Amino acid sequence: EAGVAQSPRYKIIEKRQSVAFWCNPISGHATLYWYQQILGQGPKLLIQFQNNGVVDDSQLPKDRFSAERLKGVDSTLKIQPAKLEDSAVYLCASSLGDRDQETQYFGPGTRLLVL
Amino acid sequence: DQQVKQNSPSLSVQEGRISILNCDYTNSMFDYFLWYKKYPAEGPTFLISISSIKDKNEDGRFTVFLNKSAKHLSLHIVPSQPGDSAVYFCAASGETSGSRLTFGEGTQLTVNP
């Protein structure tokens, strides 16, 4: 079974530029999550999708971050414009989505450096 | 407000000995707890979980203990192996948060040969 795929793996941009990350979840997984992991901290949920609807985006900085999951499969996360403090690893995870207490499977992440 | 805390940033043990990783939480609504392991340049991988209706769950060399009254859980690895060297994250979820996971800061475990 293929895991969660993410691209790019690394990205370096200058502040005020825009950047986009892509995620392809495990086939058949209805729920998709985007997490931000700052160095030395645990992952923090940014947004959760159930199919193509948003379930939880309470911790997403909506003035600069946006995400979509068209057709309920792949997802993109965008930052526009980027700030220095956005430097982090952005992790995508997916789960079956048929109950609350279920395992989330993570992709390898995209490491973003904002200069 | 750090609802899940791992107070030890690092832990070093000898191969063959027991590794004990600790985690504390403050939110009494949490009822499901997980441990994830993370190698460098990879995403976290699920290790073991426990529901609040239990106080112990075992899977091979890995055992998780939950003390609800103390709001504390621990992960025991016996015997520890060099391949267990990784960052271990404790995570929790609850009724009011649905499937949203709240993670601790992580503990870097190093198992020395």
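The values are calculated or read from the model by the stated rules, or taken from the named source; none is laboratory data. All values derive from a computational prediction rather than experimental measurement. Note that each Cβ is placed from the backbone with ideal geometry, even for glycine, and that neighbours are counted across all protein chains shown. Remember, those area values only see protein heavy atoms, side chains included, never the ligands or the DNA or RNA. Shrake-Rupley method; radii C 1.70, N 1.55, O 1.52, S 1.80 Å.
Scanning for something surrounded by fewer than 17 Cβ atoms within 10 Å (Cβ to Cβ), hydroxyl-bearing (Ser, Thr, Tyr) and in contact with a strand residue (DSSP E or B) (Cβ under 7 Å, 6 or more places away or on another chain), does the stretch A:80-90 turn up at least one residue? Within the stretch A:80-90 (the criterion being surrounded by fewer than 17 Cβ atoms within 10 Å (Cβ to Cβ), hydroxyl-bearing (Ser, Thr, Tyr) and in contact with a strand residue (DSSP E or B) (Cβ under 7 Å, 6 or more places away or on another chain)), the answer is no, since none of the residues qualifies. Among residues belonging to the stretch A:91-104 that are free of Cβ contacts under 8 Å to residues at least 40 places away in the same chain and open to solvent by 70 Å² or more (accessible area, probe 1.4 Å), point out the one that is farthest from the other protein chains (Cβ to nearest Cβ). Among those that are free of Cβ contacts under 8 Å to residues at least 40 places away in the same chain and open to solvent by 70 Å² or more (accessible area, probe 1.4 Å), it is A:Arg99.
For the stretch B:25-46, a residue qualifies if it is free of Cβ contacts under 8 Å to residues at least 12 places away in the same chain and under 14 Å from the mean Cα position of the chain (by Cα), and exactly one does: B:Thr45. The condition of being surrounded by 14 or more Cβ atoms within 10 Å (Cβ to Cβ) and out of contact with any Asp or Glu (no Cβ under 8 Å at 6 or more places or on another chain) holds for B:Gly43. Applying the criterion of being among the hydrophobic types (A, V, I, L, M, F, W, C) and over 21 Å from A:Leu112 (Cα atoms) to the residues of the stretch A:38-68, the residue that is nearest to the chain's Cα centre (by Cα) is A:Phe49.
Rundown of residues vs (1) under 25 Å from B:Tyr39 (Cα atoms); (2) within 10 Å of the chain's Cα centre (by Cα), yes/no style:
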site	(1), (2)
A:Phe21	yes, yes
A:Ser27	yes, no
A:Ala30	no, no
A:Gln36	yes, yes
A:Leu70	no, no
A:Asp86	yes, no
A:Gly107	yes, yes
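Of A:Gly42, A:Gly53, A:Gly109, all but one fail to be within 14 Å of another protein chain (Cβ to nearest Cβ), over 19 Å from A:Ser7 (Cβ atoms) and crowded, with 22+ Cβ neighbours inside 10 Å; the exception is A:Gly42. At least 3 residues being among the aromatic types (Phe, Trp, Tyr) and more than 8 Å from chain A (Cβ to nearest Cβ) is the threshold, and among the strands (runs of 3 or more DSSP E) wholly inside chain B those reaching it are B:30-38.
The number of residues in the stretch A:7-32 being hydroxyl-bearing (Ser, Thr, Tyr), open to solvent by less than 70 Å² (accessible area, probe 1.4 Å) and either modelled with pLDDT under 95 or assigned to a loop (DSSP other than H, G, I, E, B) (or both) comes to 2.
Filtered by the rule that a residue be touching a residue at least 24 places away in the same chain (Cβ under 8 Å) and either open to solvent by less than 60 Å² (accessible area, probe 1.4 Å) or more than 19 Å from A:Leu45 (Cβ to Cβ) (or both), the stretch A:61-79 gives A:Ala67, A:Arg69, A:Gly72, A:Val73, A:Asp74, A:Ser75, A:Thr76, A:Leu77, A:Ile79.
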